[in-house]
Amino acid sequence: MDGKLESTSSDNPATFDRRSVDSTTERLRASFCLVLLGAPSLERLQDIVEKDKAAWSEIKQVLTDRTNNINVVAALVVASSASYVTTVASTPHISQWNIVFPYFCVLGGFGCAMLAIVSGFAQTIFLSMMGVRDIEMAQRSRLKRICLFTLLILPLSFLLVAASALGIAFTAALWFGDVLWIKVLLTAGYAVFLLTLLLVTVVLL
């Protein structure tokens, strides 16, 4: 895979065309690396670090800015979760927040958002110190490589789980409210959501 990626990529990872990789699996791997590392492979990232300091600085800045944005959103999720837990529902006839399941989901979302913030700070610190030796160690050791990708994906993963938990809590509270038109709107909203996921999946593949 790495040879194909090397031969189809230019010096600038921003110009890498993932469609130039024939295999769907390899294309997904290259896309995954582009999202997490800013380059289609660890080997390509190592070349950038060694030969193009300006491009490496730009990649680090992009990854750091993305992590900071995740931290900001996660902090907003924490604040909104805390407000839901500590206040009485203003529309008890529409939503039922006085049952266990929605509160459990809100608390789970709160915890995941906190973990997103902590892992985001850890990722920011790591990105500020990341160098060519770190990439070489990740290439040689499977454990190091797994740890590297895990650290890079943790903030976004925790944030997505937090958002999902809050969405489930909101849905459950409204569903248990037993208002028919609310259930119709929820069903339509989830249908649009699934169609959007299908559209994104088709575009990425």
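The values are calculated or read from the model by the stated rules, or taken from the named source; none is laboratory data. Remember, it's a predicted structure, so these values are computed and weren't measured experimentally. With ideal geometry, Cβ positions are generated from the backbone for all residues, glycine too; neighbour counts draw on all protein chains shown. Calculation scope for accessible area: heavy atoms of the full protein, side chains included, ligands and nucleic acids excluded. Shrake-Rupley method; radii C 1.70, N 1.55, O 1.52, S 1.80 Å.
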Requested in this report: Could you list all residues from region 30-47 that are more than 11 Å from Ile135 (Cα to Cα) and either open to solvent by less than 10 Å² (accessible area, probe 1.4 Å) or part of a helix (DSSP H, G or I) (or both)?
Outcome: Ala30, Ser31, Phe32, Cys33, Leu34, Val35, Leu36, Ala39, Pro40
Report task. Could you please find all residues in region 63-81 being within 18 Å of Ile153 (Cα to Cα) and touching a residue at least 60 places away in the same chain (Cβ under 8 Å)? Result -> Leu63, Thr64, Thr67, Ile70, Asn71, Val73, Ala74
Query - Inter-residue pairs, beta-carbon under 7 Å, first under 14 Å from Ala169 (Cα atoms) and in contact (Cβ under 8 Å) with a residue 24 or more places away in the chain and in region 103-118, second hydroxyl-bearing (Ser, Thr, Tyr) and open to solvent by 80 Å² or more (accessible area, probe 1.4 Å), 6+ apart - result: Val106/Tyr84
Query raised in the report: Would a scan of region 64-80 turn up a residue that is over 30 Å from Ala169 (Cβ atoms), surrounded by 13 or more Cβ atoms within 10 Å (Cβ to Cβ) and among the small types (Gly, Ala, Ser)?
Result: no
Query raised in the report: Scanning for something more than 17 Å from the chain's Cα centre (by Cα), over 15 Å from Ser95 (Cβ atoms) and at pLDDT 85 or above, does region 167-186 turn up at least one residue?
Result: yes
